[in-house]
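Read through the structure below, which is laid out as structure tokens, and then see the notes.
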Amino acid sequence: MKILCYHGVSNKKKHPIINSNGKHLKLKTFESQIKFISQKCNAISINQLYLNLKKKIPFKKKTICVTFDDGFKNNFKIAAKVLKKYKVPAIFYLCPDIIDKKEMFWVDKIESSIAFTKIKKIKIFYKKRNLSFNISTVKKKIKTIEILKKICKKIPDKEKDFLINQLILSTKVNPSSKMHDNYKVAFWSEIKKIIKNKLFDIGGHSMRHSIFTNLSLKDVDSDIKKQKNLFIKILQSG
Ligand SMILES: [Zn+2]
């Protein structure tokens with residue numbers, strides 16, 4: 001049994017800096033993978049996977065479970081159509097706070113402020129030091145995005161927000177989801193419409209994409225409880 005973790009599916013032309021790590025798959029690539037899964041594999045839902053494990057029922061050969069992290073709009077506008085066409089079930093893991101506030105993910109804030117700036121050199125204050133980055137070329141921009149993402153993955157949310165604010169000030173670019181379709185997060189209305197289809201489920205991916213290993217157990221517990229209550233409320237509201 002294998003669990004596949006997707007993030008996004010894009011039908012936009014390739015940009016030199018945006019999506020340089022390939023998090024959003026090309027529509028053609030995604031469709032060929034899902035077609036292959038529907039023809040050659042045993043695609044099951046996360047609920048089925050859970051039941052099999054609980055009842056200790058062995059999985060059939062080539063069992064696959066499709067999952068999507070983060071809740072990007074393209075999951076519901078593009079990927080869901082492909083999944084429906086080939087009848088492949090999937091679960092979408094969402095960040096309720098990001099959806100409520102129509103916010104952008106912190107990784108995308110880093111990417112967009114560097115991708116769209118005209119400034120060639122930036123300074124970030126981190127750990128009592130001034131870090132300077134030369135972002136005069138595409139290659140250097142991609143490298144800086146990777147370095148900043150790596151730093152941010154290891155620090156608590158407050159420090160991360162502080163660092164990203166400095167980045168926004170030094171690049172003079174205020175990140176907006178209007179800058180690229182890949183940055184758009186789904187609305188609740190779009191999510192609710194899609195999950196009426198029995199093929200699809202939703203699950204929690206933390207309130208605002210915090211890295212749980214950077215939080216205390218108490219904070220993790222409260223984050224999960226908040227998500228659970230919110231999802232129940234949303235599902236009950238139809
Ligand atoms: Zn994620």
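The values are calculated or read from the model by the stated rules, or taken from the named source; none is laboratory data. Owing to the predicted nature of the structure, the values given are computational and were not obtained by experimental measurement. We place every Cβ from the backbone using ideal geometry, glycine too, and count neighbours over all the protein chains shown. These area figures cover heavy atoms from the full protein model, side chains too; ligands, DNA and RNA do not enter into them. Shrake-Rupley method; radii C 1.70, N 1.55, O 1.52, S 1.80 Å.
Need the failing condition index for Lys12 against (1) within 16 Å of the ligand (Cβ to nearest atom); (2) modelled with pLDDT under 95, just the number.
Only one criterion in (1) within 16 Å of the ligand (Cβ to nearest atom); (2) modelled with pLDDT under 95 is unmet by Lys12, namely (1).
Out of curiosity, is Lys73 out of contact with any Leu (no Cβ under 6 Å at 6 or more places or on another chain) and either more than 22 Å from Gln227 (Cβ to Cβ) or at pLDDT below 95 (or both)?
On the way: out of contact with any Leu (no Cβ under 6 Å at 6 or more places or on another chain): yes; either more than 22 Å from Gln227 (Cβ to Cβ) or at pLDDT below 95 (or both): no.
It is false that Lys73 is out of contact with any Leu (no Cβ under 6 Å at 6 or more places or on another chain) and either more than 22 Å from Gln227 (Cβ to Cβ) or at pLDDT below 95 (or both).
Could you list, in sequence order, the residues of the stretch 119-160 that are in contact (Cβ under 8 Å) with a residue 12 or more places away in the chain and of a type in the set (Lys, Arg)?
Lys120, Lys121, Lys123, Lys141, Lys149, Lys153, Lys154, Lys160
Six or more apart or on different chains, Cβ under 7 Å: which pairs go from a residue in the stretch 218-238 that's not assigned by TED's automatic domain parsing to the domain that holds Ser206 to one that's assigned to a loop (DSSP other than H, G, I, E, B)? Could you list them?
none
Can you name the number of the only condition in (1) part of a helix (DSSP H, G or I); (2) under 26 Å from Arg208 (Cα atoms); (3) more than 15 Å from the ligand (Cβ to nearest atom); (4) touching a helix residue (DSSP H, G or I) at 6+ places or on another chain (Cβ under 8 Å) that Val107 fails?
Only one criterion is unmet by Val107, namely (3).
Evaluate the following for Lys154: is it open to solvent by 50 Å² or more (accessible area, probe 1.4 Å), within 16 Å of the ligand (Cβ to nearest atom) and closer than 29 Å to Lys123 by Cα? Spell out how you get there, then give the answer.
Numbers: open to solvent by 50 Å² or more (accessible area, probe 1.4 Å): yes; within 16 Å of the ligand (Cβ to nearest atom): yes; closer than 29 Å to Lys123 by Cα: yes.
Yes; evaluated as a whole, the condition is true for this residue.
Name the single residue that is surrounded by the fewest Cβ atoms within 10 Å (Cβ to Cβ) among those in the stretch 111-137 being among the β-branched types (Val, Ile, Thr) and over 20 Å from Lys160 (Cβ atoms). Can you show your working first?
Restricting attention to the stretch 111-137, the residues satisfying the condition of being among the β-branched types (Val, Ile, Thr) are 114, 117, 119, 122, 124, 135, 137.
The next check asks that each one be over 20 Å from Lys160 (Cβ atoms); those that pass are 119, 137.
On the way: Ile119: 13, Thr137: 10.
So the residue we want is Thr137.
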